[in-house]
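**Student:** Have a look at this one.
Quick note: the coordinates plus some simple rules give every number you see, no bench work behind them. Computed from a predicted model, the values in this text were never measured in an experiment. All Cβ positions, even for glycine, are placed from backbone atoms using ideal geometry, and neighbour counts span all protein chains on display.
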Amino acid sequence: MPRIPIENVDLRVKIKEMEMRNPLMLASGILGETADLLIAAYEAGAGAVVTKSIGSEPREGHRNPTIFQYPFGLLNAMGLPNPGIDEFEKEMEKLKRSEAVVIGSIFGLNSNEFVFLARKMEGFGAIALELNLSCPHAEGVGAEIGSDPSTVREIVSSVVATVHIPVFAKLTPNTSDIVALGQAAQEGGASAVVAINTVKAMAVDPYLGKPALGNVFGGLSGNAIKPIGLRCVYELYDSLTIPIVGVGGIASGIDVAEYLMAGAFTVQIGTLIQTKGLKAFSELRRELEEFMRAEGFKNLSEIRGAAHE
């Protein structure tokens, strides 16, 4: 039966203690290294912002070139460059004085390092944590440790036992069984899982006859990975009881609706910000509201998981 168009919709969402005015989050690694840019993203309409992934020590990342633009997406091999957790405290101090809902992203080599970073981020004022268990182009961290369910469970449980704020586990799509990783995160006590990070890929420069990226392999984001992200969210929704944050290739309000219908609780926006700028948040919100009003959805709970019914 067709739904009756309505006047107003409610986009508010809550994951444990974390309240968001809408389901649109700035993804980690996009404008996330300075407080000013994160605050600008929030003021532009994001419901929450995720910092760049921060490690224990400063990290320069991979040598250039680190970016390759495809017509259908963006390939990057940054290598998790960041100022280190102690230096990042200055940015968190600025963020704490703002109204922004800030999720601190961290990465480490093992559970002990994640625990150390989690304590720091919580102390700096992060409202939640995102554990980067999925970067496809950084040696010894990210997907290299996040592809094993037992390791995911150990890291998540160690962090959950240490902090008092929600803990999100960001999962890799570069696996034969993302559901097993999601279940491990849930068993470890995660408040939510984030699906997905970039897809491991590469490019070749035919004129130089060698890989186009300095690191050879990188992570593909943008339009090309939307079907992969949707599939992962859909599979996870059928197996988990905790919320799922959908990521990958979102470029319109209809894309957001598709992720919600696949089972996402909220979504993250990344590559679109690099191509369209911060106005993307207000446009996505408007397009999502228009779709929901036209289709008669009053709130996010009515649209979430609709593709499973």
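**Student:** For the residues Phe281, Phe291, Phe114, what sequence is obtained by ranking on other C-beta atoms within 10 Å, fewest first?
**Tutor:** Going from sparsest to densest Cβ surroundings: Phe291, Phe281, Phe114.
**Student:** Output needed for the stretch 10-140: three equivalent-ellipsoid semi-axes, defined as square roots of 5 times the C-alpha gyration tensor eigenvalues, in descending order, whole Å.
**Tutor:** 23, 19, 14
**Student:** Okay, moving on. With a cut-off of 8 Å between alpha carbons and a minimum separation of six or more residues, what is the relative contact order of the stretch 1-129 in percent?
**Tutor:** 23 percent.
**Student:** With only Lys, Arg, Asp and Glu charged, each at its Cβ (+1 for the first two, -1 for the last two), find how big the charge dipole of the stretch 1-76 is about the Cα centre; round to the nearest 20 debye.
**Tutor:** The calculation lands at about 260 debye.
**Student:** Here is a follow-up. Putting +1 on Lys and Arg Cβ atoms and -1 on Asp and Glu Cβ atoms, find which of Ile127, Gly108, Ser147 reaches farthest to the positive end of the dipole of the stretch 105-155.
**Tutor:** Ile127
**Student:** Which order results if Cys135, Cys232 are arranged by neighbouring Cβ count within 10 Å, fewest first?
**Tutor:** Listed from fewest to most nearby Cβ atoms, that is Cys135, Cys232.
**Student:** Under 25 °C and 0.890 mPa s, how fast does the chain diffuse according to Stokes-Einstein, given a Kirkwood radius computed over C-alpha pairs? Answer in µm²/s, whole number.
**Tutor:** This corresponds to a translational diffusion coefficient of 128 µm²/s.
**Student:** Can you tell me the dipole magnitude for the stretch 29-73 around its Cα centre, using point charges on the Cβ only (Lys, Arg +1; Asp, Glu -1), in Debye to the nearest 20?
**Tutor:** Roughly 180 debye for the stretch 29-73.
**Student:** Translational diffusion coefficient of the stretch 9-52 at 20 °C, 1.002 mPa s, Stokes-Einstein with Kirkwood Rh over Cα pairs, in µm²/s as a whole number.
**Tutor:** The diffusion coefficient I find is 200 µm²/s.
**Student:** Something else now. Ranked highest first by the average count of other Cβ atoms within 10 Å around their residues, in what order do 169-182, 258-271, 66-79 fall?
**Tutor:** Result, highest mean first: 258-271, 169-182, 66-79.
**Student:** Right, here's the next one. Quickly estimate the mean residue ellipticity at 222 nm for the chain, helices only: each DSSP H run with n ≥ 4 gives -39500 (n - 2.57), and the total goes over all residues, rounded to 500.
**Tutor:** -10500 deg cm²/dmol
**Student:** While we're looking at this one, here's another question. Once you charge only the Cβ atoms, +1 for Lys and Arg and -1 for Asp and Glu, what is the size of the charge dipole of the chain about its Cα centre, to the nearest 20 debye?
**Tutor:** The calculation lands at about 320 debye.
**Student:** May I ask you to derive the relative contact order of the stretch 224-283, considering only C-alpha pairs under 8 Å and at least 6 residues apart, and to give it as an integer percent?
**Tutor:** Here the relative contact order equals 34 percent.
**Student:** Taking the Cα centroid of the stretch 1-56 and of the stretch 156-177, what is the distance between the two, rounded to the nearest whole Å?
**Tutor:** Going from one Cα centre to the other spans 19 Å.
**Student:** Provide the per-residue ³J(HN,Hα) series for the stretch 57-69, in order, calculated from phi with Karplus coefficients 6.51, -1.76, 1.60 and θ = phi - 60°, each as a whole number of Hz, with x at glycine and proline positions.
**Tutor:** Residue by residue, the stretch 57-69 yields 10, x, 9, 7, x, 7, 6, 5, x, 10, 10, 9, 9 Hz.
**Student:** Pick out, from Ser28, Asn64, Gly45, the residue whose Cα sits farthest towards the positive end of the charge dipole of the chain, with +1 on the Cβ of Lys and Arg and -1 on the Cβ of Asp and Glu.
**Tutor:** Value computed over the given set: Gly45.
**Student:** Also: Expressed as a rounded percentage, what relative contact order does the chain have, with Cα pairs under 8 Å and six or more residues apart?
**Tutor:** It comes to 20 percent, rounded to a whole number.
**Student:** List the residues, sorted by chain then number, that are 5 or more residues from Val204 or on another chain and whose placed amide H is less than 5 Å from its amide H.
**Tutor:** Amide H to amide H, under 5 Å and 5 or more residues apart or across chains, Val204 pairs with Ala212.
**Student:** Which net charge results for the neighbourhood of Arg304, defined as the other residues with beta-carbon distances under 14 angstrom from its beta-carbon, given Lys and Arg at +1 and Asp and Glu at -1?
**Tutor:** That works out to -3.
**Student:** Pull up all non-local amide H partners of Ala264: gap of 5 or more, or a different chain, and H-to-H distance under 5 Å with H placed in the peptide plane.
**Tutor:** HN-HN under 5 Å from Ala264: Gly305.
**Student:** Taking 25 °C and 0.890 mPa s as the conditions, I'd like the Stokes-Einstein D for the stretch 244-309 in µm²/s, using the Kirkwood hydrodynamic radius from alpha carbon pairs.
**Tutor:** 206
**Student:** Using modelled backbone amide H atoms (1.01 Å from N, in-plane), which distant-in-sequence or interchain residues come within less than 5 Å of Val194's amide H?
**Tutor:** Sorted by chain and number, the residues that satisfy this are Ala169, Lys170, Leu171, Val245.
**Student:** Related question: Using the Cα centre of the chain as origin and beta-carbon charges of +1 (Lys, Arg) and -1 (Asp, Glu), tell me which of Ser157, Gly182, Ala251 is placed farthest towards the positive end of the dipole.
**Tutor:** Ala251
**Student:** A 18 angstrom limit on the alpha carbon distance is what I want to check against. Which of Lys52/Lys90; Lys90/Lys170; Lys170/Lys200 exceed it?
**Tutor:** Long pairs (Cα-Cα over 18 Å): Lys90/Lys170.
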